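One structure is given below, encoded as structure tokens.
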Amino acid sequence: MNRKPCPDDGTKIADWELRIGVCRVYYNVEEQVRVVAIERIGEKPNNTVFFRSQQEE
């Protein structure tokens, strides 16, 4: 398991990315109210992320 900030390259989904094997969880954290908002969950078998079996564009 690995966590890293998402790059701000114009395709940013969320502030953070959690990597668990080939799964990716993109989420934001609101520290003031202690809330984690999961934005998207996808699968990245190689260098392409898939959401609902669709390639992210």
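Observations on the structure shown:
- Residue of Glu39, Glu17, Glu30 that the Gaussian network model of the chain assigns the largest fluctuation, springs spanning Cα pairs under 10 Å: Glu30
- Accessible area per residue for the chain, computed on protein heavy atoms with a 1.4 Å probe, is 82 Å².
- Taking 37 °C and 0.692 mPa s as conditions, the chain diffuses translationally at an estimated 276 µm²/s according to Stokes-Einstein applied to its Kirkwood radius (Cα pairs).
- Expressed as a whole percent, the accessible surface of the chain that belongs to carbon and sulfur atoms is 44, based on a 1.4 Å probe.
The values are calculated or read from the model by the stated rules, or taken from the named source; none is laboratory data. As the structure is a prediction and not an experimental result, all values here were calculated from the model. To get the accessible areas, we keep the full protein, side chains included, count just its heavy atoms, and leave off ligands, DNA and RNA. Shrake-Rupley method; radii C 1.70, N 1.55, O 1.52, S 1.80 Å.
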